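Here's the structure we're looking at; comments come further down.
The values are calculated or read from the model by the stated rules, or taken from the named source; none is laboratory data. Being a predicted model, the structure only gives us computed values, none of them experimental. Methodologically, a virtual Cβ is constructed for each residue, glycine included, from the backbone with ideal geometry; neighbour enumeration extends over all protein chains shown. Protein only, heavy atoms only, side chains kept; ligands, DNA and RNA dropped before computing areas. Shrake-Rupley method; radii C 1.70, N 1.55, O 1.52, S 1.80 Å.
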Amino acid sequence: MVQKYQSPVRVYKHPFELVMTAYERRFPTCHLIPMFVNSDVVNEETSEDGATHRVERRCALDVDAPRLLKRIAGVDYVYFIQKNTLNRKERTLIIESHNETFSNRVVVNETCCYSVHPENEDWTCFEQTASLDIKSFFGFESTVEKIAMKQYASSINKGKEIIEFYLRELENEGVTHVPRWTCSSICPALPAPNSLSTSPPELQLTSTPAVPASHAADTKDAPSQDAKQDSGALQGDSLAEIQPGTPEDKLDADYIKRYLGDLTPLQESCLIRLRKWLQETHKGKIPKDEHILRFLRARDFNMDKAREILCQSLTWRKQHQVDYLLETWNPPQVLQDYYTGGWHHHDRDGRPLYILRLGHMDTKGLVRALGEESLLRHVLSINEEGLRRCEENTKLFGQPISCWTCLVDLEGLNMRHLWRPGVKALLRIIEVVEAHYPETLGRLLILRAPRVFPVLWTLVSPFIDENTRKKFLIYAGNDYQGPGGLVDYIDKEIIPDFLGGECMCEVPEGGLVPKSMYRTPEELENEDVRLWTETIYQSASIFKGAPHE
């Protein structure tokens, strides 16, 4: 299986020429990359006007692999071929590298690109793509792949520091500006790599070790693939604040950190690749990055599995017009009066807080008065509102917030809540929410759990994802009032009055739904069919010979 990597766009708040000067200081070896043993220039040429400079290097890497594996492979060093093409006129550097060692067994390819920021010509962008294909390796294919990917990720993290290190070094030497190339700046002879700091215009951009932009990537053969891929990430050290000028179809590294959180290089790559795949193949509305990331997390960043469940969810959202639910859904009065749930401020982490007084809810009465479909529609609207509140809180608190906290008060829970049709409706709701709103529940606080709770838990827990169950905190009686209780997760000032706090909570009191509001099974069935069909089907006039989708 081919392992692929795609980096986000990393931005340096420095001019292209200065970044190139810092980049060249990594040759012929770099003390910041211990595995990079040496590099030799194989071929070098410059265009007649001096605008284009090409350098081909053979780089030796001391791969950090088990000694036994090295002995079986019969090599001490892994060699990469790296080709750098610097276009001073267009202000771009293209870096292409591939492995020379074991090339018939392992195929490592990497492409890196430095270019000028599209909205600010004094900033520099960096992007990288890489791939690893282990065809055979003495029976150790799986081991080599794991070593490669692990070292690749660590090398990328290390690589982010390198460009910034050399930029600071240049600043300490008094080099803060490098003139742009012009035809008049051509010199008869190119300076040696180490002299770049003194003759900036003639930047001899020979490249970094085998995996250009990110020396770290040059780390391994199979492992070196790791190194290879790491290389790209190295460049992203001097990240600017969110860059509005980054092309819309690409993700900025600062944007990811600000709005999506800290992701590993491989997680960033999964997000970017899945997002790109949706842009190329999905005809409908492309989900937001936060939503794509939730599906990746739900499947531990397995691209194929995440893509499958995401596509199923997108089809479901389109069929049921879920994207328009907040604008179109008007909850019946019985729900407004007897559904004992509502949003209430936020927890200590800035997550939206939803309170559900399940013990005070007449689940049997609601099901008899509304039907299963209306209840499900209402719960979906709650989840859609939760997504909207997460976006608002992300902007409000200046940190990524992708999930919410739910507080469930079970005081009053009894055998009436175990009514079979009610439990059936609850299980269906759990199934739908699990499938289409993964990783939206950050924490579930269950308070005042009565003796009957274990029975309900036994019924519903098998339908709840294992990762979700780990987020449950259950308190019996008044245990929530002590150490490790509610105050650890919610500010004292916003604890609801019915839980001993001083904050008024607008969640309805609930109570029994009047039997006069109950509807017959036939009426409920017809209502469920209407709610279902009105979202899936639409009317249209079709004329002969005219296509209609």
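See the values below:
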{"read-out": "Residue in the stretch 520-542 that is in contact with a helix residue (DSSP H, G or I) (Cβ under 6 Å, 6 or more places away or on another chain), at pLDDT 85 or above, farther than 22 Å from His320 by Cβ and outside any helix (DSSP H, G or I) present", "value": "no"}
{"read-out": "Any hit, the stretch 5-26, residues being open to solvent by 10 Å² or more (accessible area, probe 1.4 Å), in contact (Cβ under 8 Å) with a residue 40 or more places away in the chain and among the β-branched types (Val, Ile, Thr)", "value": "no"}
{"read-out": "Complete set of residues in the stretch 499-513 that are more than 38 Å from the chain's Cα centre (by Cα) and surrounded by 16 or more Cβ atoms within 10 Å (Cβ to Cβ)", "value": "Gly510, Val513"}
{"read-out": "Hits in the stretch 279-307 (condition: in a helix (DSSP H, G or I) and farther than 21 Å from Leu263 by Cβ)", "value": "Glu280, Thr281"}
{"read-out": "Filter result (open to solvent by less than 40 Å² (accessible area, probe 1.4 Å) and touching a Gly at 6+ places or on another chain (Cβ under 9 Å)) within the stretch 304-348", "value": "Leu314, Arg317, Val334, Tyr339, Thr340, Asp347"}
{"read-out": "Enumeration of residues in the stretch 486-498 that are farther than 12 Å from His344 by Cα, in contact with a helix residue (DSSP H, G or I) (Cβ under 9 Å, 6 or more places away or on another chain) and crowded, with 17+ Cβ neighbours inside 10 Å", "value": "Leu486"}
{"read-out": "Residue ranges of helices (runs of 4 or more DSSP H) in the stretch 317-377 with at least 3 members more than 23 Å from Trp404 (Cα to Cα)", "value": "333-338, 363-370"}
{"read-out": "Every residue from the stretch 30-45 that is open to solvent by 60 Å² or more (accessible area, probe 1.4 Å) and either touching a residue at least 40 places away in the same chain (Cβ under 8 Å) or β-branched (Val, Ile, Thr) (or both)", "value": "Val41, Val42, Glu44"}
{"read-out": "Among residues of the stretch 429-448, those that are open to solvent by 20 Å² or more (accessible area, probe 1.4 Å) and more than 26 Å from the chain's Cα centre (by Cα), counted", "value": "2"}
{"read-out": "Selected residue [under 26 Å from Ser131 (Cβ atoms) and of a type in the set (Val, Ile, Thr)] from Thr85, Thr52, Thr21, Thr46", "value": "Thr85"}
{"read-out": "Extreme residue, modelled with the lowest pLDDT, among residues of the stretch 114-133 that are among the β-branched types (Val, Ile, Thr) and open to solvent by 20 Å² or more (accessible area, probe 1.4 Å)", "value": "Thr129"}
{"read-out": "Among the candidates Glu411, Glu385, residue that is in contact with a helix residue (DSSP H, G or I) (Cβ under 8 Å, 6 or more places away or on another chain), in a loop (DSSP other than H, G, I, E, B) and within 29 Å of Tyr518 (Cβ to Cβ)", "value": "Glu411"}
{"read-out": "Residues satisfying the stated conditions in the stretch 259-271, i.e. open to solvent by less than 60 Å² (accessible area, probe 1.4 Å), more than 15 Å from Phe295 (Cβ to Cβ) and of a type outside the set (Gly, Ala, Ser)", "value": "Pro265, Leu266, Glu268"}
{"read-out": "Check on Val63, at pLDDT 85 or above and among the hydrophobic types (A, V, I, L, M, F, W, C)", "value": "no"}
{"read-out": "Top-ranked residue in the stretch 176-192 [being more than 14 Å from Glu24 (Cα to Cα) and under 43 Å from the mean Cα position of the chain (by Cα); ranked as modelled with the lowest pLDDT]", "value": "Thr182"}
{"read-out": "Residues satisfying the stated conditions in the stretch 262-287, i.e. in contact (Cβ under 8 Å) with a residue 40 or more places away in the chain and out of contact with any helix residue (DSSP H, G or I) (no Cβ under 7 Å at 6 or more places or on another chain)", "value": "Ser269, Ile272, Lys276"}
{"read-out": "The stretch 364-394, subset of a type in the set (Lys, Arg) and at pLDDT 95 or above, residue surrounded by the most Cβ atoms within 10 Å (Cβ to Cβ)", "value": "Arg389"}
{"read-out": "Within the stretch 450-484, considering residues that are under 18 Å from Ala425 (Cα atoms) and hydroxyl-bearing (Ser, Thr, Tyr), the one surrounded by the fewest Cβ atoms within 10 Å (Cβ to Cβ)", "value": "Thr458"}
{"read-out": "Any hit, the stretch 160-173, residues being of a type in the set (Val, Ile, Thr), open to solvent by 10 Å² or more (accessible area, probe 1.4 Å), under 30 Å from Thr101 (Cα atoms) and modelled with pLDDT of 75 or more", "value": "no"}
{"read-out": "Count of the stretch 349-363 residues which are touching a residue at least 60 places away in the same chain (Cβ under 8 Å) and surrounded by fewer than 19 Cβ atoms within 10 Å (Cβ to Cβ)", "value": "1"}
{"read-out": "Qualifying residues in the stretch 227-276 (those that are under 20 Å from Met303 (Cα atoms) and hydroxyl-bearing (Ser, Thr, Tyr)) - the one modelled with the lowest pLDDT", "value": "Thr264"}
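Conditions (1) under 24 Å from Asn383 (Cα atoms); (2) not in a loop (DSSP other than H, G, I, E, B), marked per residue:
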site	(1), (2)
Glu439	yes, no
Leu444	yes, yes
Thr458	no, yes
Asn467	yes, yes
Val487	no, yes
Glu493	no, yes
Cys505	yes, no
